[in-house]
Amino acid sequence: IAIEEGKIRHVLVILDDLVSSLKSQQTDEQLIALFYNRRHFRPFIHTHFLITTQKWNMVPSRFRAVVTGLFIFPVTKTELKTIKNEIPLEAFSSVEKQLPIIWGTPNNFLFLNLTNKKFFSQFDELLI
């Protein structure tokens, strides 16, 4: 990739329902290196990941440890509890009461920004 000096390029890697492939030791080590060093992979190239999965805990814990955002579409109570147990955000209980409204419209989702600990319905910030 030809990089213009000082200009940052963003690369998005999408892993669509490939969680079982992440269990391979060789794949795991290569992707872990990329995940943990994604901002320093090459100067001026920032690598971002979008991983889709139906089960949060199927994503290896080493990957979950560096997640900065989480889109949650309607899930079972058990799956939501799994997520809450691993991501103990203070306001989660308040947000949980709003989920029937948030998920009441087709294709709506809850977004958790884990960097600043904010919640969003779609991309509208929830004031808690």
Next on the checklist: Please compute the length gained on full extension between THR76 and ASN116, using 0.36 nm multiplied by the number of residues separating them and subtracting their Cα-Cα distance.
Outcome noted: 11.8 nm
Item to check | Anchor LYS118: lysines whose Cα lies under 27 Å away (excluding residues fewer than 8 positions away in-chain) | outcome: LYS55, LYS77, LYS81, LYS84, LYS97
Checklist entry - From a point 7 Å beyond the Cα of ILE32 in the direction of its Cβ, which residues of segment 57-88 have a backbone N at a distance under 20 Å? => result 57-68
Next on the checklist: What is the sum of charges, Lys and Arg at +1 and Asp and Glu at -1, for the other residues whose Cβ falls under 13 Å from the Cβ of GLN54?
Outcome noted: -2
Item to check | Hydrodynamic radius of segment 62-128 per Kirkwood, over alpha carbon pairs, in Å | outcome: 12.2
Checklist entry - When the chain is fully extended, how far beyond the present Cα-Cα distance does ASP124 get from SER61, taking 0.36 nm per residue of separation? => result 19.8 nm
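Where a number appears in this text, it was derived from the coordinates with a stated rule and is not lab data. On a predicted model such as this, the values are computed, not experimentally measured, just so you know. Using ideal geometry, Cβ is built from the backbone for each residue, glycine included, and neighbour counts are taken over all protein chains shown.
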